[in-house]
Amino acid sequence: MKKTLLALSITSALSTVSFANVAADTTIDNKQNDAQVETIVVTANRSTQDKFDVLAAVDVFSRDDIEQIQPVSVADLLTRIAGITVTTQGTPANSTSLFIRGSNSDHVLILVNGVRVGSATLGVKDIAAIPVQLIDRIEIVRGVRAALWGSDAIGGVIQIFTRQLNNGEVQIGATYGTHNYKQGYGAIGFGNKHNNYTVSANIEKSDGFDILKPATGSFSPNQNDKDGYNRQSLALTGSSQLTTNDSLEINAQYDHGNYQFDANHFYGGDKTDYDNYQLLIRNHLQLNDYYLQGSIATSQDSNEDNFTDYGAAQNSFFTTKRDQASALIQRPLSKNKDSEIIAGIDWYQEKVSSSTIYSQLSRTANAIYITGRHQLKQLKLEGSLRRDKIGNIDAKATYQLGAGYQLNDYSLIALTHGTAFKVPTFNALYWPASAFFQGNKDLKPETASNTEILARYQNETYRVELSLYQTLFDDLIINGPADMDNQWGLWTPNNVASATIKGAEATISANFTALTHQVTLSHVDAKDDSNNKQLLRRPYFSANYSIGYHSDNWNVAFDINYHGSRYDNVNFARTKLASYTLLGLNVNYQISEQLSLHTKITNLGNKSYQQIPEYQGDERNLKVAIDYKF
C-alpha cells in the first residue's frame, strides 16, 4: 500500500480523524496472496499496523459499520465485542459503565482523537455523553496497555475518531422512535487542495421511561415518572498541508446535555447537566526517515445536579479541566519498515473545581516512554517501557513484551505479558472529612500484571480469534468503615484487596455469498482473592450472535445477545441477578445512491431485565431513520 505523508501521519495512536480515513481504508494486501483485507489500526502500539499483525486483541468499527448497525449509543456497539460487559442506569443517556475482561469500570482509558478524557474525581469517562453520529471510527484494544498509554489502561484502551468528510461532501439525517425519541444530525466537508475540514452536529431528545423501580424495603426512591434526556454536540475536524513534509491538524468538540434520574430529594436533585469539550492542535513533520509529532490539547468534563430545585443552598457540581501536551519521534530501523522504534513524552495537568472542597485541587503527570517492534521472517517481536510520575504518588514503571509467530499467510499465534496501574482518583485521595466518608492521601496506585495467549486465523471467508488470559491485581482500593465494628460510621478507601481474573474469548466471523455470521463468546472468572467470590457485575459467560443478509439495496441483520447471571449488592446484601437474552432486528434500505432508510428494533421480544439492581432495562424500542448524502 502506498504511503504518503498523510498516511505516515497516523503513525501514532494520537493521530486523529484528519487521517482516520486513511486508517479506515481497506485494501488487498499482496503479501498475503490477495486473501486478506488489510485494516490499519494505530491504538495498539501508537504506530500504524495491519490489524492481522497486532499482537493484541483489537476490534474496529468503521463508519460503514456504524451506519449498518445504527447503534443507539457507543455502549450498543461495545456490547458486540467479546470480553466487554456494559451496564447502563436506564436510558442510553444515563450513566454507563464498562467492564473489560473483568477489570473495574475505571480500568479503561478513553481517548477522543488521541486526547485523554474523563473525570479526575470519579476516574472514568461516561461514554453515554459521546454521540454516535459524530464518530467516524472506533478502535478497541483489550488487555493492559499502560506501557504505552499510562494510568487507567488496565482492561484496555478505547479510541474514538470523529467524522471526516471530503471537500464538498454533505450528510444529513433524522430519526424518530419510541419514547418520543427525536434526533437530527448533519456533517459537511469543506476546504481546498491543501486544507480539508469537517463540521458535524447532532441534536437528540427523548421522553425516556421510568428507569428505577426499587425493591420492597429499599432505600432507593420511587418517583414513578419518566426519565428523559436532551443533548447536543458540535465538532470541527480537519488538517492543513503546510508544506510537502509538514501538516497541521485541528480537532474540537463540544457536548452539552442533561439526563433525568430518580433521586431521594432529601439528598438532592434528579437531573444532571453536563458540559464537555476537547480541543487539540497537532503538528506532523516528516524529515527523511524521521517522523516527528507534537501536540497540545485541553479538555473539560463537567456535570451539575439540580440540588437547588429541592431546597439546597447550591447545586452539586464537579468539573475536571485537563491540559495536555505530547511529543514523539519515530524511526524505521530497516528499509522495508519491518522494524521501528518510537520514543515520546506525555504531560498533563488535571484541575478540579467542585461544590465539594477537596484538600487538593490539582496534580501534574509526566511520562517518558520507548516502544519498538521487529519482524524477522515469520517472528514478530515487540516491547515497551514507560515511567509515569503523577502528582504526589510515587513514580510507576510499566512494561510490555510480546512475541508472535506467523505460521502462514493466514495464521498467527502470540504470547504477551505486561504490567499496568491506575492512579487513585481525587475522590479517593482528597475528599474532605464528613460524617460518612473521608479520602485517604496515603493511597497507592492499583496495579495489575497480565499474560495472554492469542491465536488468529483469517482468509477471504473466515476470521477466527481466540484469547486466553490471566490478570493479577494488587492494591485494589476498597471503601470500608474505619471502625469495623461500626458499619454506619466513617468510611475511608484503602489498598486492601487483590483479585485474580482468568478468561477466555472467541470471535468467529464467516461470509457466505449474501450472508454474514459473527459469534462472540466470553468467559470471565473474576475472583476476589480474599473470599474466592466472583466480583460484582461480571458475568461468568456472555455471548452474541449476528446474522446478516446483504443485497444491492437491502441490509438485514438479526442479533441475539446473551448476558449471563451476575452478582451485585442490594441493601448491603449480595444478590444474584438473573441472566437474560435480548433480540434485535436492523433493516437498511438504499432507496437511491444518496438516500437510505433505516429501521432498528431493540429488545424485540420485549424482555424485562436488569443490568443493575432496581434499574430497569428498556422495553421493545423502535427507531426509524432517514439519511441523505450529497
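The values are calculated or read from the model by the stated rules, or taken from the named source; none is laboratory data. Worth saying up front: this structure is predicted, and the values here are computed from it rather than measured. Here Cβ is always computed from backbone atoms with ideal geometry, including for glycine, and neighbour counts include all displayed protein chains.
General remarks:
- For segment 523-531, the criterion of being within 27 Å of the chain's Cα centre (by Cα) and more than 21 Å from T85 (Cα to Cα) is met by no residue.
- Residue within segment 261-275 that is of a type in the set (S, T, N, Q), more than 20 Å from A128 (Cα to Cα) and in contact with a Pro (Cβ under 7 Å, 6 or more places away or on another chain) present: yes
- Near pairs, Cβ below 6 angstrom, 6+ apart or cross-chain, from segment 461-476 (within 22 Å of A510 (Cβ to Cβ)) to any residue that is in a loop (DSSP other than H, G, I, E, B) and among the aromatic types (F, W, Y): none
- Of all positions in segment 591-600, none carries a residue that is more than 15 Å from E67 (Cβ to Cβ) and not small (G, A, S).
- Residue satisfying all of: in segment 275-334; out of contact with any Phe, Trp or Tyr (no Cβ under 9 Å at 6 or more places or on another chain) and of a type in the set (V, I, T); surrounded by the most Cβ atoms within 10 Å (Cβ to Cβ) among these: T319
- Tallying residues that are in contact with a Phe, Trp or Tyr (Cβ under 7 Å, 6 or more places away or on another chain) and polar (S, T, N, Q) within segment 67-109 yields 5.
- Counting only residues that are closer than 20 Å to E465 by Cα and surrounded by 15 or more Cβ atoms within 10 Å (Cβ to Cβ), segment 506-539 holds 14 of them.
- If the condition is being within 21 Å of I135 (Cα to Cα) and hydroxyl-bearing (S, T, Y), then segment 180-222 contributes Y181, Y185, Y197, T198, S200, S206.
- Segment 34-65, residues that are modelled with pLDDT of 90 or more, of a type outside the set (S, T, Y) and over 18 Å from I413 (Cα atoms): V41, V42, R46, V60, F61, R63, D64, D65
- Pairs are defined by a Cβ separation below 8 Å, a sequence spacing of at least 6 or placement on different chains, a first member in segment 615-630 that is over 27 Å from T96 (Cα atoms) and of a type in the set (D, E), and a second member that is modelled with pLDDT under 95 and surrounded by 16 or more Cβ atoms within 10 Å (Cβ to Cβ); the pairs so defined are D627/E67.
- Note on segment 540-630: enclosed strands (runs of 3 or more DSSP E) holding 1 or more residues that are in contact with a Leu (Cβ under 9 Å, 6 or more places away or on another chain) and among the hydroxyl-bearing types (S, T, Y) are 541-550, 554-563, 566-570, 580-590, 595-602, 621-629.
- Condition met for S542 (surrounded by 17 or more Cβ atoms within 10 Å (Cβ to Cβ) and either touching a strand residue (DSSP E or B) at 6+ places or on another chain (Cβ under 8 Å) or at pLDDT below 95 (or both)): yes
- Residues located in segment 196-228, provided they are assigned to a loop (DSSP other than H, G, I, E, B), free of Cβ contacts under 8 Å to residues at least 40 places away in the same chain and not hydroxyl-bearing (S, T, Y): N224, D225
- Residues within segment 394-440 that are at pLDDT 95 or above, among the aromatic types (F, W, Y) and either exposed (fewer than 15 other Cβ atoms within 10 Å of the Cβ) or within 25 Å of the chain's Cα centre (by Cα) (or both), tallied: 4
- Matching residues in segment 231-273 - criterion: being farther than 30 Å from N195 by Cα, free of Cβ contacts under 8 Å to residues at least 40 places away in the same chain and of a type in the set (F, W, Y): F266, Y267
- Segment 171-186, subset free of Cβ contacts under 8 Å to residues at least 40 places away in the same chain and not basic (K, R), residue nearest to Q253 (Cα to Cα): G186
- Scan of segment 125-157 for residues that are part of a strand (DSSP E or B) and either more than 20 Å from Y369 (Cα to Cα) or basic (K, R) (or both), ordered by number: I135, D136, R137, I138, E139, I140, R142
- Filtered by the rule that a residue be β-branched (V, I, T) and more than 21 Å from Q260 (Cβ to Cβ), segment 182-213 gives I188, T198, V199.
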